[in-house]
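Remarks on the structure that follows.
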Amino acid sequence: LIQLILNHLTLPDLCRLAQTCKLLSQHCCDPLQYIHLNLQPYWAKLDDTSLEFLQSRCTLVQWLNLSWTGNRGFISVAGFSRFLKVCGSELVRLELSCSHFLNETCLEVISEMCPNLQALNLSSCDKLPPQAFNHIAKLCSLKRLVLYRTKVEQTALLSILNFCSELQHLSLGSCVMIEDYDVIASMIGAKCKKLRTLDLWRCKNITENGIAELASGCPLLEELDLGWCPTLQSSTGCFTRLARQLPHLQKLFLTANRSVCDTDIEELACNCTRLQQLDILGTRMVSPASLRKLLESCKDLSLLDVSFCSQIDNRAVLELNASFPKVFIKKSFTQ
């Protein structure tokens, strides 16, 4: 009963309560209280001393969030490494977004000390050197990997995709060091058959060839972000191919692609009836008629972003809202 009550306390409260008596101290220091440990709220104060203090309590930790921590030298590479060597063996999920203390040694320690790791988030760790990402390929049990806005290079990423074939969720948005996204897409299609979500936001050079490899190789895809990908053109048939080969799609982002047209929307209506969210912000080629077909076919659709779509005026949005009140139709515009 005491353990259940303590589950509702914050980390600072647990530390305070541990000072009251021996019995409560034992309960507050029980590793079972630290299976899930979110240290992100304390990012401004967390340092090597904090990690050393928590070390004996975290030997069973499975979910650890260190996002935003360690900046301005508060956490050292040595301090982080000592902590993981004691507490990393049971880790399943590790969140390190915006943790700018990380270097290649840290990723090497993660790959060696966390054999059960299934989820790794390195979002916006843009100070990690390109060669550091090679160590991720050793984490063969990974199911979720977030490399958004990092300096991962093509060779390292190909190695990761080759060895981490269990990946189900992959974020490569704004990874500017990748030379040829078609090569990456081909490897994803060949190796990541279980992939369900893929973020390629602002990938600078993927073409219809890469899309063809993805569509044929990853039939289980449920979420796909191709927003701000300037090299994709509807005239090549790439969006039609997506619609026909990915029937499980629930979320599709085609943000700022001006070539998206009525044909693409109609193909989605025919083939992707599980669609829940669609973003076509900025296209000039989509009419209210095709959107109505989409809304009639996709009964689960809850969000449709038609901002800055020149053919979709306020009147059209009002008419669609009246016919489909359960769908939030987002319309931003400039006069």
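The values are calculated or read from the model by the stated rules, or taken from the named source; none is laboratory data. Since this is a predicted model, take the numbers as computed values, not measurements. A quick note on method: Cβ atoms are made from the backbone with ideal geometry, for glycine too, and the neighbour counts reach across all protein chains shown. Side chains included, ligands, DNA and RNA excluded: accessible areas come from the protein's heavy atoms. Shrake-Rupley method; radii C 1.70, N 1.55, O 1.52, S 1.80 Å.
Computed quantities for the displayed model
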{"item": "Modelled FRET efficiency - R0 25 Å, residue 326 with residue 284, Cβ distances, 0.05 increments", "result": "0.35"}
{"item": "Accessible area in square angstrom per residue, the range 252-318, 1.4 angstrom probe", "result": "43"}
{"item": "Inter-part distance where the range 287-335 and the range 254-280 are each reduced to a Cα centre, Å", "result": "12"}
{"item": "Whole-number D in µm² s⁻¹ for the chain, Kirkwood Cα-pair radius fed into Stokes-Einstein, 20 °C, 1.002 mPa s", "result": "98"}
{"item": "Only Lys, Arg (+1) and Asp, Glu (-1) charged, at Cβ; the chain dipole about Cα centre in debye", "result": "480"}
{"item": "Projected label distance in nm at residue 190 and residue 333, using a 7 Å step from Cα toward the beta-carbon", "result": "4.8"}
{"item": "Relative contact order of the chain, defined on C-alpha pairs under 8 angstrom at six or more residues apart (%)", "result": "8"}
{"item": "In the range 1-105, the GluC sites (Glu not before Pro) that fall in loop regions by DSSP, at most 13 other Cβ within 10 Å", "result": "none"}
{"item": "Two-decimal log10 I(q)/I(0) for the range 176-335, as the Debye equation yields it once each C-alpha is a single scatterer, q = 0.11 Å⁻¹", "result": "-0.40"}
{"item": "Which listed pairs, of 193/330; 45/85; 251/326; 194/299, have C-alpha distances above 28 Å, in listed order", "result": "193/330"}
{"item": "Heavy-atom surface of the range 123-201, accessible at 1.4 Å and reported per residue (Å²)", "result": "38"}
{"item": "Per-residue ³J(HN,Hα) for the range 114-131, Karplus 6.51 cos²θ - 1.76 cosθ + 1.60, θ = phi - 60°, Hz, x for Gly and Pro", "result": "10, x, 9, 5, 10, 9, 9, 10, 10, 3, 6, 7, 7, 9, 5, x, x, 5"}
{"item": "Using alpha carbons only: equivalent-ellipsoid semi-axes of the range 209-265, gyration tensor based, whole Å", "result": "17, 12, 11"}
{"item": "Per residue accessible area of the range 28-107, 1.4 Å probe, in Å²", "result": "43"}
{"item": "Stokes-Einstein D (µm²/s) once Rh is taken as the Kirkwood radius of the range 137-259 over alpha-carbon pairs, at 25 °C in 0.890 mPa s", "result": "174"}
{"item": "Charge dipole (the chain, unit charges on Cβ, about Cα centre) - positive-most of 239, 173, 316", "result": "316"}
{"item": "Surface share of carbon and sulfur [accessible, 1.4 angstrom probe, percent] for the range 73-140", "result": "50"}
{"item": "Over the range 139-202: Rg over Rh, Cα atoms, Kirkwood Rh", "result": "0.91"}
{"item": "Structure-based [θ]222 nm, the chain - -39500 (n - 2.57) summed over DSSP H runs of at least 4, per residue, nearest 500", "result": "-9500 deg cm²/dmol"}
